[in-house]
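Each value in this text was obtained by applying a stated rule to the coordinates, not by laboratory testing. Only a predicted model underlies this, so the values are computations on that prediction, with no experimental measurement involved. Neighbour counts run over all protein chains shown; Cβ positions are idealised from the backbone, glycine included.
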Amino acid sequence: MAALFDRIGDWLGVVSAWMFFAVGGMIGYEVTARYIFVAPTIWAEEMSRFFQIWATYLAAATLLRHQELIRITFIIGRLGPRAWRAAEIFSLSVIAIFSATAIWYGMAILLETLRLHRTTATLFDIPQWTTEVAIPLCFGMLLIQCLIEIARVKRGERRQPPPVAPPSDGDIRA
């Protein structure tokens, strides 16, 4: 089951990357249309926002699995294996609790939006649920991924990243 979830997450990570690429294209097109041809579009801003919301949340589970989320490695990178496992389980648990909270409140907002038939305040008048559903859905995926990763840490399948290298002499220091 975890392997299937990993494959789905990786596929969604690729979809997410292409969505970010499309966002760049949409914004580039809008800037060109607006400032060179003085003919702004009615769709680029809203569609790029829509794609960016979905792309951000779709990638979360696979980024967690590949240990690519932002992390503070100053301390974690210097821990021994046992302390690292404890810290990893703790941080994954915090992410899981946050994900469950986001699902709870995201569902409440989504249900209210569906009840009230909210739409965007733009010319497209798109139903707001089309972006709001990303929160409970994608945080649900992130929660499942957290539980899978906690199990992997406990079984010793999730590897500790290499230690943090000290700054070299060529690094710029503040």
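Cβ-to-Cβ counts within 10 Å put Ile70, Ile95, Ile126 in ascending order as Ile70, Ile126, Ile95, the fewest first.
Fully extending the segment from Tyr105 to Thr32, taken as 0.36 nm per residue of separation minus the present Cα-Cα distance, adds 22.4 nm. Computed from the C-beta positions of Ile8 and Val94, the FRET efficiency with R₀ = 41 Å rounds to 0.95. The order of Val153, Val94, going from fewest to most other C-beta atoms within 10 Å of their C-beta, is Val94, Val153.
Estimated from helices alone, the mean residue ellipticity of the chain at 222 nm is -23500 deg cm²/dmol (sum of -39500 (n - 2.57) over DSSP H runs with n ≥ 4, per residue).
For the chain, the C-alpha radius of gyration sits at 1.30 times the compact-globule guess of 2.2 N^0.38 Å, with N the residue count. What the Cβ-Cβ distance of His66 and Ala86 gives, at R0 = 22 Å and to the nearest 0.05, is a FRET efficiency of 0.55.
Counted residue by residue at 0.36 nm each, then reduced by the alpha carbon distance between them, the extension gain from Ala17 to His117 reaches 32.9 nm.
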